[in-house]
């Protein structure tokens with residue numbers, strides 16, 4: 001019995017060591033951001049707390065505008081993804097149209113060939129569409145989501161046909177049935193997909209870096225990079241404050257809705 | 001209109017908006033990349049000229065191409081098995097009875113929520129020579145400070161550490177979901193039979209997690225070719241391309257040297273790798289990695 005207790009003790013210590021190690025870089029960033037520059041790498045418990053780093057970062061670059069751009073981007077992408085995925089998934093799940101199999105295979109191609117790797121050609125397309133340096137250009141390649149279509153198709157297929165038939169008998173058309181029967185039943189999946197999508201596009205960096213070129217269009221990730229690499233030299237306290245600031249909305253949302261986040265990522269990952 | 005026709009028309013109309021966007025931003029660019037890679041890059045008033053496979057010949061003779069390919073292989077080999085192993089350990093911990101599980105889950109999962117770009121900034125400071133936390137910590141044991149990101153030996157390793165830190169918690173979620181599906185009666189039965197916990201993990205839990213491992217593996221490989229944000233912030237692929245990966249090289253060729261034809265040839269390699277991966281996944285899935 002005592003051997004088991006010792007094993008349990010070792011496991012607990014091991015688990016906590018790993019967790020503390022994992023949280024350490026973030027804890028370090030929080031320390032640096034909330035203390036004056038002199039304490040950036042000096043860990044004295046009596047060091048005075050300050051919000052000055054955040055104030056300096058906020059006034060040194062147009063972060064308010066960057067946040068607005070990101071919010072616009074994320075909501076635009078999410079709205080388009082939800083509408084397009086729901087419609088396409090409904091078609092795949094309930095309409096035996098000619099070419100359904102091959103079209104579904106073509107949709108799945110995007111799961112492998114993600115838009116992130118087709119930078120050069122998509123840049124050319126945006127250029128010929130005259131969309132360079134717009135928020136639309138950042139979102140456009142992601143608006144049709146193979147992942148969303150796949151996920152919702154699975155969900156729609158599990159809806160009992162009887163519900164479908166009942167609505168049809170009452171004289172509802174296909175779109176009315178979709179809206180009144182399928183969408184409400186798919187709500188948990190829609191929420192899960194939404195959370196995953198929002199955190200992906202809030203964090204997306206490389207494509208926005210390439211297609212944007214001005215304060216009016218840059219999302220926070222690109223704004224942070226421009227700020228950290230050019231404006232600040234090596235004032236780590238301010239850079240770290242800016243870093244935490246740009247991640248804060250998502251991080252706070254995560255802390256508040258932790259259970260939903262974890263469940264959403266789980267749900268979205270299970271196929 | 002007969003009802004038979006209605007199904008086809010309605011199905012296609014529902015699919016159309018998504019199909020147009022997918023064709024424009026996934027299928028067309030994939031095909032166009034192949035086409036572009038057979039031409040020269042148009043410059044000024046000089047139009048693109050057909051040159052067959054010359055871009056690919058240049059590529060095979062380009063030492064940087066081979067280096068980023070080797071780097072990418074090491075990067076995948078160095079990050080993926082370790083991330084997956086850690087993810088399994090984390091999932092077992094969080095799924096077990098250890099005290100303080102909510103905190104542990106939070107600690108493991110939080111890096112996943114942060115933008116890679118923010119993570120890279122945090123770790124950049126972490127690695128700062130002399131002043132950063134890593135050197136301060138090693139200093140306690142008498143090690144001299146070193147330029148972690150500025151030396152050929154350690155730059156890629158530093159990026160790998162960042163990737164493991166960010167991805168392990170993400171993969172943990174999928175293992176956690178899978179573990180919760182495993183019936184507790186299996187564990188009880190094994191306990192009655194007197195099976196040790198390691199034996200139980202090796203012979204029961206791990207095989208049952210196989211479909212999850214396959215799913216995570218495929219995603220991890222895609223990510224190792226897709227996610228290069230931290231390179232942009234931390235090393236710019238340097239020193240001497242020692243920490244550059246394939247997509248970062250494509251990014252440099254396409255948007256720093258503006259050589260879109262050569263970038264297209266490089267992109268074809270990336271597409272082939274991803275396509276091969278898809279095929280592999282399909283073949284394995286056909287054989288079914290299920291134990292039920």
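The values are calculated or read from the model by the stated rules, or taken from the named source; none is laboratory data. Quick caveat, the model's predicted, so the values are computed rather than measured. With ideal geometry, Cβ positions are generated from the backbone for all residues, glycine too; neighbour counts draw on all protein chains shown.
Looking at B:273, B:250, which one is assigned to a helix (DSSP H, G or I), in contact with a helix residue (DSSP H, G or I) (Cβ under 7 Å, 6 or more places away or on another chain) and free of Cβ contacts under 8 Å to residues at least 24 places away in the same chain?
Values: B:273 fails: free of Cβ contacts under 8 Å to residues at least 24 places away in the same chain.
Result of the check over B:273, B:250: B:250.
Quick one: is residue A:216 in contact with a helix residue (DSSP H, G or I) (Cβ under 8 Å, 6 or more places away or on another chain) and facing chain B (nearest Cβ under 8 Å)? Walk me through how you get there before you give the answer.
Working: in contact with a helix residue (DSSP H, G or I) (Cβ under 8 Å, 6 or more places away or on another chain): yes; facing chain B (nearest Cβ under 8 Å): no.
Against the criterion (in contact with a helix residue (DSSP H, G or I) (Cβ under 8 Å, 6 or more places away or on another chain) and facing chain B (nearest Cβ under 8 Å)), residue A:216 does not qualify.
Can you name the helices (runs of 4 or more DSSP H) wholly within region A:84-145 that have at least 1 residues being surrounded by 22 or more Cβ atoms within 10 Å (Cβ to Cβ) and at the interface with chain B (Cβ under 7 Å from one of its Cβ atoms)? Step through it out loud before you land on a result.
Values: elements: A:100-112, A:119-128, A:135-139.
So the answer is A:100-112, A:119-128.
Do the conditions hold for residue A:230, that is, is it away from every other protein chain (no Cβ under 11 Å), modelled with pLDDT of 90 or more and over 14 Å from residue B:117 (Cα atoms)? Break it down stepwise before answering.
On the way: away from every other protein chain (no Cβ under 11 Å): yes; modelled with pLDDT of 90 or more: no; over 14 Å from residue B:117 (Cα atoms): yes.
Taking the combined requirement at face value, the residue does not satisfy it.
Quick one: which of B:54, B:47, B:23, B:18 is farther than 20 Å from residue A:93 by Cβ and facing chain A (nearest Cβ under 9 Å)? Give the derivation first.
Details: B:54 fails: facing chain A (nearest Cβ under 9 Å); B:47 fails: facing chain A (nearest Cβ under 9 Å); B:18 fails: farther than 20 Å from residue A:93 by Cβ.
Residue meeting the stated conditions: B:23.
Please tell me if residue B:35 is assigned to a helix (DSSP H, G or I), within 25 Å of residue A:206 (Cα to Cα), more than 8 Å from chain A (Cβ to nearest Cβ) and more than 22 Å from the chain's Cα centre (by Cα). Talk me through it step by step, then tell me what you get.
Details: assigned to a helix (DSSP H, G or I): yes; within 25 Å of residue A:206 (Cα to Cα): yes; more than 8 Å from chain A (Cβ to nearest Cβ): yes; more than 22 Å from the chain's Cα centre (by Cα): yes.
It is true that residue B:35 is assigned to a helix (DSSP H, G or I), within 25 Å of residue A:206 (Cα to Cα), more than 8 Å from chain A (Cβ to nearest Cβ) and more than 22 Å from the chain's Cα centre (by Cα).
So which residues in region B:185-216 are crowded, with 18+ Cβ neighbours inside 10 Å and within 30 Å of residue B:68 (Cα to Cα)?
Hits for region B:185-216 are B:212, B:213, B:215, B:216.
Of the numbered conditions (1) assigned to a helix (DSSP H, G or I); (2) under 24 Å from residue B:256 (Cα atoms), residue A:156 fails exactly one; give the number of that condition.
Single failed check for residue A:156: (2).
Yes or no: residue B:109 assigned to a helix (DSSP H, G or I), surrounded by 14 or more Cβ atoms within 10 Å (Cβ to Cβ) and without any contact (Cβ under 8 Å) to a residue 24 or more places away in the chain? Show your work before the answer.
Numbers: assigned to a helix (DSSP H, G or I): yes; surrounded by 14 or more Cβ atoms within 10 Å (Cβ to Cβ): yes; without any contact (Cβ under 8 Å) to a residue 24 or more places away in the chain: no.
Criteria not met by residue B:109.
Mind listing just one residue for me: the one in region B:41-60 that is in contact with a strand residue (DSSP E or B) (Cβ under 8 Å, 6 or more places away or on another chain) and assigned to a loop (DSSP other than H, G, I, E, B) and, of those, modelled with the highest pLDDT?
Per the stated criteria, the residue is B:51.
Residues being free of Cβ contacts under 8 Å to residues at least 60 places away in the same chain, more than 7 Å from chain A (Cβ to nearest Cβ) and either over 21 Å from residue B:148 (Cα atoms) or surrounded by 24 or more Cβ atoms within 10 Å (Cβ to Cβ) (or both): count how many of those fall in region B:74-99. Before you say what the answer is, go through the steps one by one.
Going residue by residue through region B:74-99, those that are free of Cβ contacts under 8 Å to residues at least 60 places away in the same chain are B:77, B:81, B:85, B:89, B:93, B:96-99.
Pick out the ones that are also more than 7 Å from chain A (Cβ to nearest Cβ) and you get B:77, B:81, B:85, B:89, B:96-97.
With the extra rule that they be either over 21 Å from residue B:148 (Cα atoms) or surrounded by 24 or more Cβ atoms within 10 Å (Cβ to Cβ) (or both), the set shrinks to B:81, B:85, B:89, B:96-97.
Result for region B:74-99: 5.
Just one of the numbered conditions (1) more than 12 Å from chain B (Cβ to nearest Cβ); (2) in contact with a helix residue (DSSP H, G or I) (Cβ under 7 Å, 6 or more places away or on another chain); (3) crowded, with 16+ Cβ neighbours inside 10 Å is not true of residue A:163; which one?
All conditions are met except number (3).
Do you know which residues across region B:112-129 are within 7 Å of another protein chain (Cβ to nearest Cβ), part of a helix (DSSP H, G or I) and under 23 Å from the mean Cα position of the chain (by Cα)? Before you say what the answer is, go through the steps one by one.
Start the filter on region B:112-129 by keeping residues that are within 7 Å of another protein chain (Cβ to nearest Cβ), which leaves B:113-118, B:121-123, B:125-126.
From the residues that got through so far, the ones that are part of a helix (DSSP H, G or I) too are B:113, B:116-118, B:121-123, B:125-126.
Residues satisfying the conditions are B:113, B:116, B:117, B:118, B:121, B:122, B:123, B:126.
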